[in-house]
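Peer 1: Mind having a look at this structure? Questions to follow.
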Amino acid sequence: MDLRIPRIAIVGANGYGLHHRRRIEPKRRAGEVELVGLCDTAEVVEDPDIPIGDVPVFDDYERLLKDTEPHIVVIATPPPTHLPIAAAAMHHGADVYLEKPPVASLDEYGRLYETMVETGRAVQVGFQALGSHAFGALRDAMEAGRLGSLEAVGVAGSWQRPDSYYRRSPWAGKREANGTLVADGALANPFAHASQQALAIAGDWPLDGDVELERLRCRGEIEVDDTAVWRGVNKGGVTVTVAVTLCGERKLEGDVYVRGSEGEAWLQYTTDRLRLPGDDEPKQYGRTDLLDNLLLHRRRGVGLLSGLRRSKTFTGVLEQILNDPVPRLVDAAYLRRVGEDPVTLLEGADAAVERAARDGRLFSELGLPWG
Ligand SMILES: NC(=O)c1ccc[n+]([C@@H]2O[C@H](COP(=O)([O-])OP(=O)(O)OC[C@H]3O[C@@H](n4cnc5c(N)ncnc54)[C@H](O)[C@@H]3O)[C@@H](O)[C@H]2O)c1
């Protein structure tokens with residue numbers, strides 16, 4: 001066990017890296033961790049709540065690793081950069097907190113995994129909903145037999161994204177950039193957690209073959225899905241269905257329907273609310289922060305909640321999504337544009353993803369006019 005004060009560095013200090021800087025700041029002030037360096041290829045954003053102060057700033061991660069010798073490197077850069085940065089960090093002796101998706105293909109996954117084993121370092125993947133105590137309570141209930149044997153897990157998510165969302169970065173809404181497949185699109189990016197959570201609830205089994213996939217887009221200017229569903233059966237015989245839209249009139253946060261032979265549970269993976277068989281109301285649970293979990297892994301040997309192994313099946317699903325062609329464009333007759341920074345709404349998309357998740361159906365099996 002390592003009892004030294006952990007030296008943490010962040011690569012990718014803007015964007016989602018700002019979230020990590022905010023989470024680390026109170027620990028730094030309390031002297032629980034040391035922030036030894038920030039690295040970004042762009043100018044690092046100043047924020048009064050998270051002053052950079054005398055923390056060294058780098059624009060090259062190799063230099064950061066050499067000069068600061070961190071114990072932990074938080075990586076919040078775009079996915080195509082994850083493998084080289086994570087591998088370099090581990091070769092420098094650091095453990096890694098790697099943002100989701102860890103990598104975009106099984107080949108990259110294999111190389112990352114090998115590096116992890118060779119160097120003996122830890123990789124925590126930023127699927128933060130895996131730290132949910134609702135997930136833990138669901139697991140306990142399953143273990144106690146309250147659901148019987150698990151048969152199906154379905155997730156429904158219905159959100160909205162305005163035009164400006166697709167202008168947020170040069171790779172937003174793109175299928176490919178600089179010859180690399182880009183992990184954007186509803187399934188690959190905002191709802192990546194939905195797929196990982198469903199796979200974990202379904203027991204972390206590998207899938208039996210490829211998934212069935214239906215991807216649609218409601219905007220001519222994008223090359224990725226904003227409404228999509230995938231379904232697969234895992235080696236434990238559990239059907240997993242993930243149905244999502246960014247064009248839904250009604251919001252569904254991220255509702256997981258868990259069906260067993262003896263009962264059903266409902267969990268909202270974004271809010272940590274869980275209703276078990278026999279409960280009238282959902283109960284609210286808390287969450288273990290994945291960086292705290294990594295710190296305790298180093299200090300006391302506590303198991304990682306989102307260790308790299310857990311993302312392997314997810315990575316296979318992601319690879320299939322990214323290699324799928326540009327999705328079919330939905331007929332304009334079913335679309336509506338609303339708001340000043342307009343969102344595109346797809347008729348009945350919210351109800352469709354809900355039914356798909358509950359019944360384990362693809363859009364094409366729901367008799368939808370656009371499906
Ligand atoms: N866990 C979550 O809920 C969650 C939420 C949002 C984003 N993310 C993930 O976080 C990662 C970053 O996403 P983002 O939207 O902030 O992306 P982004 O494109 O805004 O990039 C983040 C930062 O990385 C910097 N960067 C790029 N290449 C770099 C390099 N080689 N070295 C150093 N810095 C580099 C960029 O300049 C930028 O400031 C992605 O993997 C994304 O999926 C996770």
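Every read-out reported here was derived from the displayed coordinates using simple, explicitly stated rules and does not represent laboratory data. What you see is a predicted model, and the numbers here were worked out from it, not measured in a lab. For neighbour counting, all protein chains shown are included, and Cβ atoms are generated from backbone atoms with ideal geometry for every residue, glycine included.
Peer 1: What angle do you read, to the nearest 10 degrees and between 0 and 90, between the alpha-carbon axis of helix 192-201 and the longest principal axis of the chain?
Peer 2: 80 degrees
Peer 1: Now for a different question. Which order do the peptides 234-245, 21-32 take when ranked by the mean count of other beta-carbon atoms within 10 Å per residue, highest first?
Peer 2: On the way: 234-245: 22.6, 21-32: 14.2.
Ranked from most to least packed, the peptides come out as 234-245, 21-32.
Peer 1: Net charge around residue 202, counting only other residues with Cβ within less than 13 Å of its Cβ (Lys, Arg = +1; Asp, Glu = -1)? Kindly include the intermediate steps, with their values, before the conclusion.
Peer 2: On the way: positive: 139, 231, 235, 259, 310; negative: 151, 204, 208.
Combined, the nearby Lys, Arg, Asp and Glu give +2.
Peer 1: Among the aspartates and glutamates, which fall within straight-line cross-link reach of residue 174, defined as a Cα-Cα distance under 17 Å, with same-chain neighbours fewer than 8 residues apart omitted?
Peer 2: Straight-distance partners of residue 174: 163, 184, 221, 223, 225, 226, 319, 324.
Peer 1: Please compute the contact order of the range 7-121 in relative form: average sequence separation of alpha-carbon pairs under 8 Å and at least six residues apart, divided by the residue count, as a percent. List each step's numbers first, then the result.
Peer 2: Values: 183 pairs, mean separation 29.4, N = 115.
This gives 26 percent for the range 7-121.
Peer 1: Magnitude of the Cβ-charge dipole of the chain, K/R +1 and D/E -1, about the Cα centre, nearest 20 debye?
Peer 2: Numbers: 44 positive and 57 negative charges, 110 e Å.
It works out to roughly 520 debye.
Peer 1: Where does each of 363, 191 land when they are ranked from fewest to most other beta-carbon atoms within 10 angstrom?
Peer 2: Neighbour counts put them in this order, fewest first: 363, 191.
Peer 1: Binning every alpha carbon pair distance of the range 7-121 at 5 Å from zero, what are the percents per bin?
Peer 2: Pair shares across the bins are 2, 13, 24, 25, 19, 11, 5, 2, 0.
Peer 1: Sticking with this structure for a sec: If you average the sequence gap of Cα pairs under 8 Å that are 6 or more apart and divide by the length of the chain, what percent do you get for the contact order? Intermediate results must be reported in sequence, preceding the final value.
Peer 2: Working: 807 pairs, mean separation 71.0, N = 371.
That works out to 19 percent.
Peer 1: Another question, if that's okay. Based on the Kirkwood radius over alpha-carbon pairs, what value in µm²/s does the Stokes-Einstein equation return for the translational diffusion coefficient of the chain at 20 °C and 1.002 mPa s? Could you put the intermediate results ahead of the total?
Peer 2: Working: Rh = 21.4 Å.
Answer, rounded: 100 µm²/s.
Peer 1: Now for a different question. Tell me, in nm to one decimal, what length is gained between residue 81 and residue 62 on full extension, where the rule is 0.36 nm per residue of separation less the Cα-Cα distance?
Peer 2: Extra length available between residue 81 and residue 62 comes to 5.6 nm.
Peer 1: Moving on to the next point. Could you derive backbone 3J(HN,Hα) for the range 86-100 from the dihedral phi with the Karplus parameters 6.51, -1.76 and 1.60 (θ = phi - 60°), listing whole Hz in sequence and x where the residue is Gly or Pro?
Peer 2: 5, 5, 4, 4, 5, 5, 7, x, 9, 7, 10, 10, 10, 4, 7
Peer 1: Still on this structure: Taking 0.36 nm per residue of sequence separation and subtracting the Cα-Cα distance, how much length would be gained by fully extending the chain between residue 114 and residue 309, in nm to one decimal?
Peer 2: Here the answer is 69.1 nm.
Peer 1: Now for a separate question. Can you list the HN-Hα couplings for the range 235-240, worked out from phi with the Karplus curve (6.51, -1.76, 1.60; θ = phi - 60°), rounded to whole Hz and with x for Gly and Pro?
Peer 2: Going residue by residue, I get 5, x, x, 8, 7, 10 Hz, with x marking Gly and Pro.
Peer 1: Ranked by Cβ crowding within 10 angstrom, fewest neighbours first, how are 166, 61 ordered?
Peer 2: Fewest to most other Cβ atoms nearby, the residues stand as 166, 61.
Peer 1: Determine the gain in length on full extension of the stretch residue 4-residue 283; use 0.36 nm per residue of separation and subtract their C-alpha separation, reporting nm with one decimal.
Peer 2: Extending this stretch completely gives an extra 96.6 nm.
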